[in-house]
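Single-structure report; data block below.
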Amino acid sequence: RQLEYPINGRCQPRQSKLAVLTHVFHGCHDCTKAAGVDEFHLAQIKHDNLRAALSWAQETESAESGMRLAGASARFWELKGHFHEGRQRLTHCLAIRGAEEFGAARAKALCGAGALAEEQGDFDAATRFHEESLAIRRGLRDAPGIAEALNNLGNVANLRCEYDRARE
């Protein structure tokens, strides 16, 4: 049985709320678009709901839902400066039993965790996250995802002043 809780005065399955929040936070991934800006402001209002939904995903071991939501919200945490909380939430979702079965969602969550680790100056962890994301995306033959992961690895190498590695 799915947990239910009120949304706008009516009880809704928590899974549908997770889908709505994932959509909202996915919209703020690209905040340069006009719609992204609107989604970003909406995401600020929904931050407590995000925390509750991710906690629920962990408690119920809903790996795919948790990773999708955490991955979609990574950019929000980065822009708001919530590096520690965002990285912690992402790593908790990545550790849920069965999380490795959801390749695309896992790769996106790893990308977000890597970006947040990079912001914290933890370049070893950022490299590990981005390398795992790259491996998954290569397995999925996800060309845009491969490019993103390689770019992220290059950025980390550049920050480490490993310029030859950054050019690879």
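Before moving on, here are some points about what is shown:
- Between His47 and Glu101, the simple spin-label model (points 7 angstrom out along Cα→Cβ) gives 3.4 nm.
- Contact order, relative form, for segment 80-168: 22 percent (alpha carbon pairs under 8 Å, 6 or more residues apart, mean separation divided by residue count).
- Solvent-accessible ranking of Arg75, Arg141, Arg89, Arg128, largest area first, probe 1.4 Å: Arg141, Arg128, Arg75, Arg89
- Take segment 76-168 with all the other protein chains still there, run a 1.4 Å probe, and you get 53 Å² of accessible area per residue.
The values are calculated or read from the model by the stated rules, or taken from the named source; none is laboratory data. Because the structure is a prediction, the values reported are computed rather than measured. So basically every Cβ, Gly included, is an ideal-geometry build from the backbone, and we count neighbours across all protein chains shown. Only protein heavy atoms, including side chains, enter the accessible area calculation; ligands, DNA and RNA are left aside. Shrake-Rupley method; radii C 1.70, N 1.55, O 1.52, S 1.80 Å.
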